[in-house]
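To keep things clear, I will list the structure first and then write my remarks on it.
FYI, it's all coordinate maths here, none of it is from the lab. Please read these numbers as outputs of a predicted model, since none were measured by experiment. Cβ coordinates were reconstructed from backbone atoms using ideal geometry, including for glycine residues, and neighbour counts include every protein chain displayed.
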Ligand SMILES: [Zn+2]
């Protein structure tokens, strides 16, 4: 009878220990999400590709910096 009580206590202790460890496992395997893809545009002056959110837009043309905006589109 003494061993049966000891076995029950061990089973309860093991199940409690295991239930506390399980929630941590899915967090460790979760991969970081890649950033969302962005629209790329080419600079009208030098042709550099940059994200649309970083580009300077004037008259429908995109520029990479203020210098190229002042210089205007390159001749073809
Ligand atoms: Zn440029």
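Kindly rank 61-74, 1-14 from highest to lowest mean number of other beta carbons found within 10 Å of each residue.
61-74, 1-14
Could you quote the convex hull projected area for the range 29-76, Cα atoms only and averaged over all directions, in nm²?
4.2 nm²
Applying 1/(1 + (r/R0)^6) with R0 = 22 Å to the Cβ-Cβ distance of residue 52 and residue 30, what FRET efficiency is obtained, to the nearest 0.05?
Approximately 0.15, to the nearest 0.05.
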